[in-house]
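What follows draws every value from the coordinates through simple rules; no lab data is involved. It should be emphasised that the depicted structure is a prediction, and the values quoted were computed from it without experimental measurement. Here the Cβ positions follow ideal geometry from the backbone for every residue, glycine too, while neighbour counts run over all protein chains shown.
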């Protein structure tokens, strides 16, 4: 059965893991363009409980960097336990709202390239390696799922950003 996001409509098609890097790059390119647009208010939250476009950009950057490390860990170790990234805490701890949009745009583009590089080096056996992932509950996930889930993250948050600009 295919997992589908109720909010954005994304379907987890694990057979598309091999094109995840390209799909992520396409979505990140659009987010980067938004972050570089000086005519958009990137820092304001339109609703107090919804992150600003800048905060979403920071989150996506960090997701890509964390996912990269998780994939690398799964290649080094059998079934590593990947602790949660602390997504909500990072907004405050890393000062997402105070970061410079141009820096975040560059870092996000770099993170997408770095994650794509790691995915491009996976062979058939690697795609089947697993790790313990803590979203939405702790369970064993393949690297195929991690790649497709990361595409979902980029699509979902691109939509979150588009709703605000």
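Here are the numbers for the structure shown:
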| read-out | value |
| --- | --- |
| Selection within region 10-20 - surrounded by fewer than 17 Cβ atoms within 10 Å (Cβ to Cβ) and part of a loop (DSSP other than H, G, I, E, B) | 13 |
| Residue in region 79-110 that is nearest to the chain's Cα centre (by Cα), counting only those that are farther than 23 Å from residue 34 by Cα and touching a residue at least 24 places away in the same chain (Cβ under 8 Å) | 84 |
| Answer from 165, 50 - the residue that is more than 18 Å from residue 30 (Cβ to Cβ) and touching a residue at least 40 places away in the same chain (Cβ under 8 Å) | 50 |
| The lone exception for residue 140 - which of (1) more than 16 Å from residue 67 (Cβ to Cβ); (2) part of a helix (DSSP H, G or I) it fails | (2) |
| Where residue 29 falls short, out of the listed (1) more than 16 Å from the chain's Cα centre (by Cα); (2) closer than 17 Å to residue 110 by Cα | (1) |
| Identity of the residue in region 134-151, within 30 Å of residue 36 (Cβ to Cβ) and buried (at least 19 other Cβ atoms within 10 Å of the Cβ), that ends up nearest to the chain's Cα centre (by Cα) | 150 |
